[in-house]
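Asker: One structure is given below, represented as structure tokens, and several questions about it will come after.
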Amino acid sequence: MNSINRRSILLAGLGAAGAGALAACTTSGSAPALVSPPGSAVAATEKRRGGTARQHKIALTAAPARIDLGGGVKANTWAFDGRTPGKGIRLSAGDTLVAELANQLPGKATTSIHWHGIALRNDMDGVPPATQTAVRPGSTFTYRFVADAPGTYFFHPHVGVQLDRGLYAPLIVEDPREPLAYDDEWVVVLDDWVDGVTGTPDEVFAELTRGMGGMDMGDNTFMLMGAKSDLLGGDAGDVKYPYHLVNGRVPDDPEVYTGKPGRKVRLRIINAGSDTAYRVALSGHKMTVTHTDGFPVRHRQTDALLIGMGERYDVLVTLADGVFPLVALAEGKNTSGLALVRTGSGRAPTAAVRPRELNGTVMTASGLRAAGDVRLESVAADVTHRIELTGGMMHYNWAINGKPFDMADPEANAILVEEGRRVRLDFVNTTAMWHPMHLHGHTFQLGRSGPRKDTAIVLPKKTLSVFFDADNPGQWMLHCHNAYHGEAGMMTDVAYQA
Ligand code: C2O
Ligand code: CU
């Protein structure tokens with residue numbers, strides 16, 4: 001295949017998004033023609049999405065910032081408009097988001113925004129160079145798309161390991177016909193933090209990619225050895241983080257949510273971390289799980305939840321009377337993030353508090369079922385792709401099907417799909433670690449009746465089958481949401497054929 005020709009034609013179309021009727025790229029040889037992000041198939045799908053006439057306009061500036069993590073901790077990082085998490089965005093389903101991103105990052109740092117979990121038009125998905133050209137320092141790019149599925153989402157750049165900077169914020173798409181009854185809602189954003197404290201994410205990645213081979217075990221700043229979790233099937237993570245944050249704050253000086261006893265609150269919990277799964281519990285409360293990754297599930301009660309990077313869970317709690325720690329235990333890392341819920345009098349717990357609920361029932365996606373209205377009627381697939389997760393810590397050669405992804409040539413080793421088909425992906429994890437696998441632009445179903453999700457934990461040595469309808473043409477990344485695994489090469493392109 002002549003991927004150079006195909007790429008240059010693809011990118012030539014990117015400058016003329018909207019104007020061009022570039023339906024597909026032409027190819028030489030026998031390689032199939034692929035749907036082009038700025039082409040007519042993508043535009044036609046967006047048109048079918050319809051939506052309200054309402055536009056929600058915002059501006060976002062990505063720039064260096066000195067942020068206050070609370071408790072006297074300050075960090076130099078990159079953030080949207082000087083804060084981490086960035087200011088959340090709220091839309092009503094069907095509204096058009098118009099977001100102008102200005103890149104004020106230093107040096108040659110290009111950037112982008114990926115709207116994690118949203119089934120949007122492909123040319124707004126924020127993955128340079130596959131879906132747009134990178135936004136250069138000093139320049140801007142305007143994202144414009146309809147968000148038609150309600151739910152809890154977030155956004156972050158899709159360049160290098162910028163995900164592990166302070167560049168992230170929640171994106172909530174409200175349901176104008178919200179079926180759940182609750183009095184209040186709180187957004188809970190979890191993050192593992194290194195930037196500007198012990199080093200930068202680029203330094204972390206550089207150390208990890210040197211691999212364990214030949215490394216003197218005592219001689220590393222960021223690499224974490226011996227993080228173990230039964231829930232995650234063994235090795236829990238690779239990176240040592242000095243802090244775990246809830247809504248951008250350290251446990252010594254936590255965010256305080258205030259409410260009234262007896263009130264019902266919806267928590268929208270987002271794991272924006274890069275290498276940490278969190279086990280989350282609210283002391284003295286049961287949680288009722290209502291959604292994961294934006295989509296409804298059959299309600300289930302639980303004491304705690306396990307949330308991988310990129311996953312989101314919505315839960316309902318009925319507030320008790322007092323002061324309660326909301327703890328995000330960094331799974332397998334023996335450290336935690338903290339927020340407080342205050343509805344009455346009482347003393348605040350210590351920063352390292354461990355509510356007993358953490359060791360009660362711990363819900364994972366495999367214990368949930370899709371709600372009736374979002375469940376796929378049958379799981380008869382037209383095509384099955386085997387997605388082997390490969391590589392390891394020793395050589396830090398994380399990959400899919402043994403081939404590390406090259407962002408400069410995203411179509412190499414692409415997984416080809418055709419619009420209108422039901423696709424089955426079999427994630428076959430041959431590695432000794434768990435991986436939170438994320439598919440852009442779609443929400444797959446776990447197995448026959450499991451939840452609809454866009455990010456799913458695949459345990460070591462296990463296989464997970466997921467199903468989705470190929471109804472959103474474009475070039476869509478499929479990758480591990482461990483920022484370092486993804487950047488090392490555990491990523492591929494699910495490419496629609498023209
Ligand atoms: Cu959170 Cu490829 O994305
Ligand atoms: Cu991974």
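Asker: So what's the net charge close to residue 413: Lys and Arg +1, Asp and Glu -1, counting the other residues with Cβ under 10 Å from its Cβ?
Answerer: Counting the neighbours of residue 413, the net charge comes to -3.
Asker: What whole-number distance in Å separates the alpha-carbon centres of region 287-333 and region 381-422?
Answerer: 31 Å
Asker: Okay, next question. Find the accessible area per residue for the chain; the probe is 1.4 Å, ligands and nucleic acids are left out, and the unit is Å².
Answerer: Each residue of the chain exposes 37 Å² on average to a 1.4 Å probe.
Asker: Of 408, 474, 485, which is farthest along the charge dipole of region 383-496 in the positive direction, counting Lys and Arg as +1 and Asp and Glu as -1 at C-beta?
Answerer: Comparing the listed Cα positions along the dipole, 485 ranks first.
Asker: Another question, if that's okay. Can you give me the % of accessible surface on region 262-412 that is carbon or sulfur? Probe 1.4 Å, all protein chains present, nothing else counted.
Answerer: Whole-percent figure for carbon plus sulfur exposure: 46.
Asker: Moving to a separate point now. Report the Rg/Rh value for region 184-367, based on alpha-carbon coordinates and the Kirkwood definition of Rh.
Answerer: 1.00
Asker: Can you list the trypsin sites (Lys or Arg not before Pro) in region 163-245 that are in a DSSP coil and have 14 or fewer other beta carbons within 10 angstrom?
Answerer: 177, 210
Asker: A follow-up question, please. In this model, which of 264/453; 228/461; 87/286; 240/333 are farther than 20 Å apart at the alpha-carbon?
Answerer: Among 264/453; 228/461; 87/286; 240/333, the Cα-Cα distance tops 20 Å for 264/453; 87/286.
Asker: Can you figure out the FRET efficiency of residue 87 with residue 136, using R₀ = 22 Å and their beta-carbon distance, to the nearest 0.05?
Answerer: Calculated transfer efficiency: 0.40.
Asker: Same structure, new question: If you project the alpha carbons of the chain onto the principal axes, what extent comes out on each, in Å, largest first?
Answerer: Largest first, the chain extends 70, 57, 45 Å along its Cα principal axes.
Asker: How large is Rg/Rh for region 266-420, to two decimals, with Cα atoms and a Kirkwood Rh?
Answerer: In region 266-420, Rg relative to Rh is 1.07.
Asker: Determine one quarter of the surface area of the Cα convex hull of region 437-498, which equals its mean projected area, and express it in nm² to one decimal.
Answerer: Projected over every direction and averaged, the Cα hull of region 437-498 covers 4.7 nm².
Asker: Between residue 463 and residue 345, take the C-beta separation as r, use R0 = 41 Å, and let me know the FRET efficiency to the nearest 0.05.
Answerer: Here the calculated transfer efficiency is 0.20.
Asker: I'd like the FRET efficiency for residue 66 and residue 369, computed as 1/(1 + (r/R0)^6) with the beta carbon distance as r and R0 of 60 Å, rounded to 0.05.
Answerer: Taking R0 as 60 Å, the efficiency between residue 66 and residue 369 is 0.85.
Asker: Let me ask another. Would you work out which of 251, 340, 316 lies farthest towards the positive end of the dipole of region 242-358, given +1 charges on the beta-carbon of Lys and Arg and -1 on that of Asp and Glu, about the Cα centre?
Answerer: It is 316, whose Cα lies furthest towards the positive end.
Asker: How much solvent-accessible surface does residue 369 expose, in Å² to the nearest 10, with a 1.4 Å probe and all protein chains in place?
Answerer: Approximately 100 Å² of residue 369 is accessible to the 1.4 Å probe.
Asker: Spin-label point model (7 Å from Cα, Cβ direction): what's the residue 260 to residue 300 distance in nm?
Answerer: Calculated label separation equals 3.4 nm.
Asker: On to the next question. How far apart, in nm, are the 7 Å Cα→Cβ label points at residue 432 and residue 408?
Answerer: The two pseudo-label positions are separated by 3.2 nm.
The values are calculated or read from the model by the stated rules, or taken from the named source; none is laboratory data. In this text, all values refer to a predicted model and were calculated from it rather than measured experimentally. Note: ideal-geometry Cβ built from the backbone for every residue, glycine included; neighbour counts use all protein chains shown. To get the accessible areas, we keep the full protein, side chains included, count just its heavy atoms, and leave off ligands, DNA and RNA. Shrake-Rupley method; radii C 1.70, N 1.55, O 1.52, S 1.80 Å.
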